[in-house]
Amino acid sequence: MLNIFTLVNGRLFQEEIESLEELAKFQPIWVDLEAPTLEEKRWIKQHYGLSIPEDAMDEDIEESARFYEEDNGELHIRSDFLIDDDENPRSVRTAFILNQHNTDLKSRGLLFSIHDEDVPVFRLLRLRARRAPGLIEDAKDVLLKLFDADAEYSADTLENIYDELEKVSRQVLAGDVTDARAGEVLSAIARQEDLNGRIRRNVMDTRRAVSFMMRSKMLNASQFEDARQILRDIESLDNHTAFLFDKINFLMDATVGFININQNKIIKIFSVASVALLPPTLIASIYGMNMQFPELELLGPAMYPYVLALMVVSAIGPMWYFRKRGWLM
């Protein structure tokens, strides 16, 4: 999908392009390629003279290949954007190419973005840019506002994680955590820990991208201050993710502690039962020997119920003692 964004009276307007002829009608400041086809890449190369790199969205590349400036002034930035999906939270690699010397657009420049799927941060920026005139003045503003929206999206996701952990905390601290509930709690904690880790990695990547823009001396004074504010926001997010990791570790330890308590209860029951059965086992062993006992001649046929009663009493005695000491609770 190929979308272009033009700036009219301080507002950002979106147009979906379906042919090269339509592309030639507009002078955009932002060209967004979502899972571009070969034909759409050909349109970009033919109209703008820009070749989309084959490795534009590769995952495992070193920093020098993620942030660099071409000899012709083009800035290349590859950054990750978070998708907070309940079933499959993930990060989407996005490649940005910023042309700062587009003669048709004078000093506004032209930003290209390439990604495999729609990103919530992009939708958020499009909505804001339509409603707030003057929010964006050039292509560099588009890129900065995307990173700003990314930090805000990460902050909102962290708030959701905190809310979910509060629900888990109430379940754990309420006590009487069964093994089944403990399994559900551990699963929920693991999901939030994974998402929190993704956010930490995402804001780290955003910090590197914004820092690169600041070092490249491409920003004016106002944009430079905006970039510094984004870095301050990211710093606060780092502190919050660290706090959530501590909370996650506490809930994990508490849940595992309840599991251990439940297991100890089971082991205690078996231990008490085995000790309580020792006296009856001893009595059965004694009277099971092939020997003549005086009681046999004295009691005669009553010997059998006598031995049974003696075994029952010898089992009840330890159980009563254990219960009195509170060892059966």
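All of the numbers you see were taken from the coordinates with simple rules; none came from a lab. Since we're looking at a predicted model, the values are computed, not measured. Virtual Cβ from ideal backbone geometry, glycine too; neighbours counted across all protein chains shown.
Across the stretch 2-261, C-alpha contacts under 8 Å between residues 6 or more apart give a mean separation that, scaled by the residue count, equals a relative contact order of 18 percent. Note on THR6 and PHE270: their simple-model spin labels are 7.7 nm apart, each label 7 Å out from Cα toward Cβ.
Considering only ASN239, LEU127, THR157, whose Cα is most displaced toward the positive end of the charge dipole of the stretch 98-244, charges sitting on Cβ of Lys, Arg (+1) and Asp, Glu (-1)? Positive-end residue among those listed: LEU127. Compared with the direct C-alpha span, the chain from THR178 to GLU70 gains 32.9 nm at full extension, assuming 0.36 nm per residue.
Using a Förster radius of 30 Å, what is the FRET efficiency between LEU299 and ARG325 based on their Cβ-Cβ separation? Nearest 0.05, please. With R0 = 30 Å, the Cβ-Cβ based efficiency is 0.30. Distance between the pseudo-spin-label points of GLU166 and HIS47 (7 Å out from Cα toward the beta carbon): 4.8 nm.
Tell me, in nm to one decimal, what length is gained between GLN27 and ASP156 on full extension, where the rule is 0.36 nm per residue of separation less the Cα-Cα distance?
Values: separation 129, 0.36 × 129 = 46.44 nm, distance 3.42 nm.
That pair, GLN27 and ASP156, stretches by 43.0 nm at full extension.
The string of couplings for the stretch 271-278 from the Karplus curve (6.51, -1.76, 1.60, θ = phi - 60°) is 5, 5, 5, 5, 5, 5, 8, 5 Hz, one whole number per residue in order, with x for Gly and Pro. 3J(HN,Hα) couplings calculated from phi for the stretch 180-193 with the Karplus curve 6.51 cos²θ - 1.76 cosθ + 1.60 (θ = phi - 60°) are, in sequence order, 5, 5, 4, x, 5, 5, 5, 5, 5, 5, 4, 4, 5, 5 Hz; Gly and Pro show x.
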